[in-house]
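Notes to accompany the following structure.
The values are calculated or read from the model by the stated rules, or taken from the named source; none is laboratory data. Being a predicted model, the structure only gives us computed values, none of them experimental. Please note: Cβ atoms are built from the backbone with ideal geometry, for glycine as well, and neighbour counts cover all protein chains shown. Surface accessibility is based on the protein's heavy atoms, side chains included, excluding ligands, DNA and RNA. Shrake-Rupley method; radii C 1.70, N 1.55, O 1.52, S 1.80 Å.
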Amino acid sequence: MIKNMLKTGLFLFIVSAISGLLLAYSESITGPIILENQLKAELEAQNNILPSKAFKDFNVEEAGKTVNFKVGFDENNKVTGAVFKVSPRGFGGPINTLVGINADGKVTGYKILSLSETPGLGSKLTSEKFTENLKTLLALNSSPRFKVKKDGGDVDAITAATISSRAFCVGLSEAQNTFNTYKTQILEYKAPEADLTGGAK
């Protein structure tokens, strides 16, 4: 009886060890590819939400934390604005979003990179209807209030997904507030030395 138990235990240990090694090997192969694809997706998104010839990282240490975002430049090396990555917490987890803000402090666009909101409810943040409504709001309102209408803002909340909608608005406001905090420094930022069309430095 004990002998059989030892054999079974040893067998399970060997299977688990092999599975772990195969998983680690698979991760070592696919991990870099996944990361590269994510970076490409972010580069494409930042160019869509803030069209620029080049981008350069902006880093500043403040209150024990590092503030990081990308400043955009046009063909004349003039600052076009900045792109921020925010992760407000929704109903199901962080809503990872890129937000573009031009040199005047206006939100020019956004791209939700990932979210874990409830399918059919909060996940509708990525739906065509919600996206088009936001595009219209940004185009027609020079200074929209990024709160749901229930809270006195200008954003139409998704039905039965107010928490997700509010979190999304928090992300837009966070990006805009950060831009306003560093606006003077951003507008004085120098363009990259090299030509990094569509890229980042």
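Quick notes on this one:
- Residue within the stretch 58-72 that is modelled with pLDDT of 85 or more, closer than 25 Å to Asn102 by Cβ, out of contact with any strand residue (DSSP E or B) (no Cβ under 8 Å at 6 or more places or on another chain) and not hydrophobic (A, V, I, L, M, F, W, C) present: no
- Counted residues, the stretch 38-68 - those being part of a strand (DSSP E or B), open to solvent by less than 30 Å² (accessible area, probe 1.4 Å) and either of a type outside the set (Phe, Trp, Tyr) or touching an Asp or Glu at 6+ places or on another chain (Cβ under 8 Å) (or both): 2
- Within the stretch 86-101, tally of residues that are assigned to a strand (DSSP E or B) and crowded, with 18+ Cβ neighbours inside 10 Å: 6
- Boolean, Ser142 is surrounded by 12 or more Cβ atoms within 10 Å (Cβ to Cβ), of a type in the set (Ser, Thr, Tyr) and either in a loop (DSSP other than H, G, I, E, B) or modelled with pLDDT of 95 or more (or both): no
So that you can scan it fast, the table gives a plain yes or no per residue for (1) in a loop (DSSP other than H, G, I, E, B); (2) surrounded by 19 or more Cβ atoms within 10 Å (Cβ to Cβ):
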position: Leu113; (1), (2): no, no
position: Glu117; (1), (2): yes, yes
position: Lys124; (1), (2): no, yes
position: Lys129; (1), (2): no, no
